[in-house]
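**Student:** Sharing a structure below in structure tokens format, with a few things to ask.
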Amino acid sequence: MRILAAILLWLMLAMPVAAQQTSPSVLIIDSDRLYTETLYGRRIEADLAAEVSAVQAENDRIAETLRNEELSLTERRPDMAPEAFRAEAEAFDNKVQEVRRARDAKTVELQVMRADARARFEEQVQGIVANVMLERGASIVLEQRNVVLSVRSANITDDVIVRVDAQLGDGSR
């Protein structure tokens, strides 16, 4: 296996520079880098981070309120009739379960927001990727994580990042 790798490396290095400069018919893009390194992708992530932070702050406030209610109930228990304590404890437990369901729903909502934002981003940049593909005379663009070996000139990620920033900015236009 090492011999095969060494031969492949030697062949790639031995190729004339002109042969390496020609446009490959198959191009490669790293869509994760495209998302995280463009102004548009960064703005989306910043917006989502702000949403997550707001939800976390709300969760913290709710948790503090519930802790205080629980402490109050615990402190009042010795002076309460067992039936009254049971009723309040059950009502508190029901409240906690409802809050948990609402918080879980908010978490799912944030996940859906992230997936939708990423899908809109990919839809917006698809035309830019297609233009680069056509300009280079390629017939296909593959995702980087699906490629085992390629020449450097096949990867268009840097070029697409520059174009996305130039054409879409942070995506808020």
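The values are calculated or read from the model by the stated rules, or taken from the named source; none is laboratory data. Since the structure is predicted, the reported quantities are computational estimates derived from the model, not experimental observations. Ideal geometry is used to build each Cβ from the backbone, glycine not excepted, and the neighbour counts take in all protein chains shown. Surface accessibility is based on the protein's heavy atoms, side chains included, excluding ligands, DNA and RNA. Shrake-Rupley method; radii C 1.70, N 1.55, O 1.52, S 1.80 Å.
**Student:** Do we have any residue at all in the range 48-66 that's polar (S, T, N, Q), under 30 Å from Asp159 (Cα atoms), under 23 Å from the mean Cα position of the chain (by Cα) and open to solvent by 60 Å² or more (accessible area, probe 1.4 Å)?
**Tutor:** No, every residue in the range 48-66 fails to be polar (S, T, N, Q), under 30 Å from Asp159 (Cα atoms), under 23 Å from the mean Cα position of the chain (by Cα) and open to solvent by 60 Å² or more (accessible area, probe 1.4 Å).
**Student:** Farther than 30 Å from Gln56 by Cβ and exposed (fewer than 10 other Cβ atoms within 10 Å of the Cβ): is that true of Glu135 in this structure? Outline the logic, then answer.
**Tutor:** On the way: farther than 30 Å from Gln56 by Cβ: yes; exposed (fewer than 10 other Cβ atoms within 10 Å of the Cβ): no.
Criteria not met by Glu135.
**Student:** Arg42 - would you say it is open to solvent by 70 Å² or more (accessible area, probe 1.4 Å), of a type outside the set (A, V, I, L, M, F, W, C) and modelled with pLDDT of 95 or more?
**Tutor:** Spelling it out, Arg42 is indeed open to solvent by 70 Å² or more (accessible area, probe 1.4 Å), of a type outside the set (A, V, I, L, M, F, W, C) and modelled with pLDDT of 95 or more.
**Student:** May I pose another question? Pick out the one residue from Arg76, Arg67, Arg43 that is under 30 Å from Ile128 (Cβ atoms) and in a helix (DSSP H, G or I).
**Tutor:** The match here is Arg43.
**Student:** Please work out which residue is surrounded by the most Cβ atoms within 10 Å (Cβ to Cβ), limiting yourself to the range 149-173 and to residues that are within 24 Å of the chain's Cα centre (by Cα) and at pLDDT below 90.
**Tutor:** Looking at the filtered set, the residue picked out is Gly171.
**Student:** For the range 146-173, which positions are closer than 24 Å to Arg43 by Cα and part of a helix (DSSP H, G or I)?
**Tutor:** Within the range 146-173, Thr157, Asp158, Asp159, Val160, Ile161, Val162, Arg163, Val164, Asp165, Ala166, Gln167, Leu168 meet the criteria.
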